[in-house]
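Values quoted throughout were computed directly from the atomic coordinates according to the rules given, and no laboratory measurement underlies them. Here the structure is a predicted model, which means the values were calculated and not measured. In this analysis, Cβ positions are derived from the backbone assuming ideal geometry, glycine residues included, and neighbour counts consider all displayed protein chains.
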Amino acid sequence: MKTLYVVGGRQGKPVPLLAGNQRWYKYDRALVYWVDPSTGRVELRAEHTTPEELCEDEDPAILFKCSSVQGDRLYACTETEVLIYALPKFERLSYFSLPAFHDLHHIRPTPDGTILVANTGLDMVMELSTDGRMFREWSAKAGEDPWLRYSKDKDYRRVRETGSSCHINYLFYLKGELWATRFQQKDAVCITKPGSGRIDIGIAIPHDGFLHDGMLYFTTVNGHVVVVNADTLKTEDVINLGELHGRARLGWCRGIYAEGDRIWVGFTRMRSTKIRENVAWVKHGFTKMMPTHIACYDFKRRQCLTEIDLEPHGLGAVFSILPCESVDEAQEPTWTGAAPADALV
């Protein structure tokens with residue numbers, strides 16, 4: 001079983017909301033952990049804090065969103081920043097932040113050596129160089145001008161709400177074309193050829209995905225894995241992970257990684273949220289509340305093989321589970337700290 005990188009953030013102190021007794025749990029540090037599933041060993045590899053000038057004033061969320069590994073590079077993003085690390089020692093090779101960045105959700109490299117970011121707050125996908133030069137943008141709404149509802153002259157990094165209507169979560173390639181999952185529409189659509197393809201995930205709000213052996217595995221936030229044939233774009237299987245745990249409340253389900261007949265899935269502990277409609281699926285009758293953790297499943301036998309609790313190590317939210325391809329022995333964590341001033345575009 002391969003060792004893994006788990007990407008997410010540390011939960012900060014809760015702050016009370018203005019109405020009711022709910023509490024909003026902030027995240028105050030972006031983290032990457034190395035995990036050895038065979039021993040249960042969990043070690044910090046990198047941490048980062050977003051500068052105050054790049055965060056919204058009220059309730060900033062400082063954490064790594066969905067990341068990618070290719071070769072000896074890890075591509076990571078916070079809500080307003082892009083970071084590229086050299087593995088396995090996590091030397092930071094690139095850092096930049098652009099005024100158009102708002103609530104980034106995923107970063108991945110392209111076959112051409114550029115990078116793609118899911119700019120969720122602006123309902124668009126952006127292609128950039130590794131030093132932050134913009135090449136092109138696509139709207140998450142088929143055929144729409146990506147800047148129709150937004151301004152190229154505005155700095156969105158400290159803006160609280162943008163009125164996004166798609167909420168892109170995850171980017172992937174299929175037959176050479178770029179696709180994205182969309183939170184609100186409960187689907188995945190072809191971005192580079194608008195109108196040429198759509199995958200109806202439907203069962204619940206989708207988040208991440210993974211292409212493995214000709215099948216696409218999508219997580220939904222309420223703990224399902226939807227398995228789609230990459231050729232036909234039809235759903236072939238739906239796995240309700242909650243049923244494998246005796247109705248435990250698994251948490252907010254995001255990251256996924258498949259290896260052979262096994263899938264790893266990441267869960268973030270359910271806490272009070274200001275976006276109540278996003279957790280309307282949480283019902284009474286659960287036997288227990290699960291901590292933030294990752295779990296490995298045999299998806300053919302419908303069995304949970306192992307679970308690793310990440311909260312004792314300081315991880316409060318999980319976004320990505322990534323394969324560790326390079327040698328990654330015990331080492332001191334890398335503190336990347338605040339960004340260099342000349343990188344703040």
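What to note about this one:
- Euclidean distance between Cα centres, region 222-239 to region 29-96, Å: 29 Å
- Count Lys and Arg as plus one, Asp and Glu as minus one, and take only other residues whose Cβ is under 9 Å from that of residue 119; the net charge is then -3.
- Based on Cα contacts under 8 Å between residues 6+ apart, region 4-331 shows a relative contact order of 15 percent.
- Computed FRET value (nearest 0.05) for residue 36 with residue 229, which takes r as the C-beta separation and R₀ as 45 Å: 0.85
- Beta-bridge orientation, region 4-331: approximately 95 percent antiparallel, per DSSP, counting only bridges with both partners inside.
- Among residues other than residue 202 with Cβ under 15 Å from its Cβ, the summed charge is 0 (Lys and Arg +1, Asp and Glu -1).
- Calculated Rg and Dmax of the Cα atoms in Å (choose from (i) 20.1, 63; (ii) 19.6, 57; (iii) 18.9, 53), label: (iii)
- For chymotrypsin sites (Phe, Trp or Tyr not before Pro), the sites in region 141-244 that DSSP calls loop and that have at most 14 other Cβ atoms within 10 Å are 147.
- Ordered by the count of other Cβ atoms within 10 Å of each Cβ, fewest first, 105, 167 give 167, 105.
- Remark: for residue pairs 26/141; 141/193; 141/234; 234/300; 65/186, the C-alpha separation exceeds 23 Å in 26/141.
- Residue order, fewest to most surrounding Cβ atoms within 10 angstrom, among 97, 326, 38: 38, 326, 97
- Ranked 130, 181, criterion: other C-beta atoms within 10 Å, fewest first: 130, 181
- Efficiency of FRET between residue 302 and residue 198 - r from beta-carbon atoms, R0 35 angstrom, step 0.05: 0.80
- Extreme residue, positive dipole direction of the chain, given options 201, 322, 245 (C-beta unit charges): 245
- Under a model in which nothing but the beta-carbon of Lys, Arg (+1) and Asp, Glu (-1) is charged, region 4-331 shows a dipole of about 920 debye around its Cα centre.
- Between residue 237 and residue 311, the FRET efficiency estimated from the beta carbon spacing at R0 = 35 angstrom works out to 0.70.
- Projecting the Cα atoms of 9, 116, 50 onto the charge dipole of region 1-131, computed from C-beta unit charges around the Cα centre, puts 9 farthest toward the positive end.
- Projected label points at residue 147 and residue 175, each 7 Å from Cα along the beta carbon direction, are separated by 3.2 nanometres.
- Electrostatic tally near residue 74: other residues with Cβ closer than 12 Å to its Cβ, Lys and Arg +1, Asp and Glu -1, net +1.
- Residue 52-residue 261 pseudo-label distance in nm [points 7 Å out on the Cα-to-Cβ vector]: 5.6 nm
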